[in-house]
1. Considering only the stretch 125-170, state which residues are part of a helix (DSSP H, G or I) and hydroxyl-bearing (Ser, Thr, Tyr).
2. State all residues of the stretch 250-307 that are assigned to a helix (DSSP H, G or I), surrounded by fewer than 16 Cβ atoms within 10 Å (Cβ to Cβ) and of a type in the set (Gly, Ala, Ser); if no residue qualifies, say none.
3. If the requirement is being among the aliphatic types (A, V, I, L, M), in contact with a strand residue (DSSP E or B) (Cβ under 8 Å, 6 or more places away or on another chain) and more than 16 Å from the ligand (Cβ to nearest atom), which of these qualifies: Leu16, Leu31?
4. Go through the stretch 364-378 and count every residue that is crowded, with 19+ Cβ neighbours inside 10 Å and not in a helix (DSSP H, G or I).
5. Keeping to the stretch 154-182, report how many residues are within 17 Å of Ser261 (Cα to Cα) and polar (S, T, N, Q).
6. Among Ala177, Ala172, which is within 14 Å of the chain's Cα centre (by Cα) and crowded, with 24+ Cβ neighbours inside 10 Å?
Amino acid sequence: MPTPDARCRSCGSDDLEVFLSLGSTPLADALVRPAAAGEPEARYPLDVAVCPRCSLVQILHEVEPRELFVDNYLYFSSYSPQLLDHARRHADNLVAGRGLDARSLVVEVASNDGYLLRNFVERGIPVLGIDPAPEQAAAASAAGVPTLAEFFGGEMAARLRSAGLRADVIIANNVMAHVPDLNGFVAGIATLLADDGIATIENPSVGELIDRGAFDTIYHEHFCYFSCLSVDALVRRHGLFLNEVEQFPDLHGGTLRWTVSHDPAVGESARAMLDAERAAGLADPAHYRDFGTRVERTTRDLHALLAKLKAGGSTIAAYGAAAKGSTLLNTAGIGTDLVDFVVDRNPHKHGLLMPGVHVPIRPTDALVQDMPDYVLLLAWNFAAEIAAQQHEYLDRGGRFIVPVPTPTVI
Ligand SMILES: [Zn+2]
């Protein structure tokens, strides 16, 4: 598909190859108030491309970041026990490994409600959080984590450095995918990072996304989808180097942590991962084209399965009112004709409607109360956790449907 205006967000190449079109969808996090259900929603095309030159996977359409992350943002990190545990261990390792103390500075970009930085604050280590979402930044500051409610980039980093700040550690978890000016972001890290400091950057791995068929993590909030190959090329442009890579297969559908610094040493873990990605085909557009074909089959098969169950008189609910759930419902065309309601643990979402398809969101208790015959697991990456939490629903005969990679009733 020709896209004459699109340029790679990393290397600037205009030779991008589109391998998946998910139609025109509303913003995946923009839950709808019932009173506004009659108003038209903004929809944006969701076309995904790979850059054959630097291997960066990216969506072509760019929604204004303020619309994405400030106005409609309901995500508080502290609602996820798994994330809290992951954050605490990361902080423990950094404190021990880097010998951090009261003279150090730890900066976190996209620090949300302070869920990670508070682990350093407890040990008397100075921190600075940066997060443009006002409610989250306010919650963090109230909890003793000093936080600037701004977007991070080259300009802000230069301002902080002029004010005398250099970070011993910069942490950027699940934020680099959200950044429209990718080069400005990495330039900012290079500017703010002390000469002997390290930055740790975490993001879901695009290789894992493809292996697991997790197309539902592709939405407008995520401009880019990273591999070690694309990160290596990106950071080198700014005088930083990929030193080490750690893998967290159970986090956000397969997360990678890239440690980068001004030190050009490519460690064994980084070298091995770069080789493994080349061998897996992540530098080859054909690998992505094949994924696109599989996704089209999955959405078609899922819609057919639900339509068949519904035609047979079954009732269907869904679990997980997060952005990935919205993406899956919208791209597969699953609305209130097939699914009666979605349950979610986050009380901020109850009473609202899923974007686009307007399926109502209820508390998780609704599954046992209403006993729908089937529950479509939109949060299928947490299937085991949800099964444990919903054992009463399952004990009483309820069934789960796992949508990807092949829709299956379990
Ligand atoms: Zn590129």
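1. In the first step, residues of the stretch 125-170 are kept if they are part of a helix (DSSP H, G or I); the result is 134-142, 154-162.
Within the stretch 125-170, Ser141, Ser162 meet the criteria.
2. Ala272, Ala276, Ala279, Ala280, Ala286, Ala304, Ala307
3. Numbers: Leu16 fails: more than 16 Å from the ligand (Cβ to nearest atom).
From the options Leu16, Leu31, the qualifying one is Leu31.
4. 6
5. Qualifying residue count for the region: 1.
6. Working: Ala177 fails: crowded, with 24+ Cβ neighbours inside 10 Å.
Exactly one of Ala177, Ala172 is within 14 Å of the chain's Cα centre (by Cα) and crowded, with 24+ Cβ neighbours inside 10 Å, namely Ala172.
Table: residues versus (1) more than 16 Å from the ligand (Cβ to nearest atom); (2) of a type in the set (A, V, I, L, M, F, W, C).
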| site | (1), (2) |
| --- | --- |
| Glu208 | yes, no |
| Arg212 | yes, no |
| Ile218 | yes, yes |
| Cys228 | no, yes |
| Val235 | no, yes |
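Readers should treat all values here as calculations from the given coordinates under stated rules, not as data from a laboratory. As the structure is a prediction and not an experimental result, all values here were calculated from the model. Note that each Cβ is placed from the backbone with ideal geometry, even for glycine, and that neighbours are counted across all protein chains shown.
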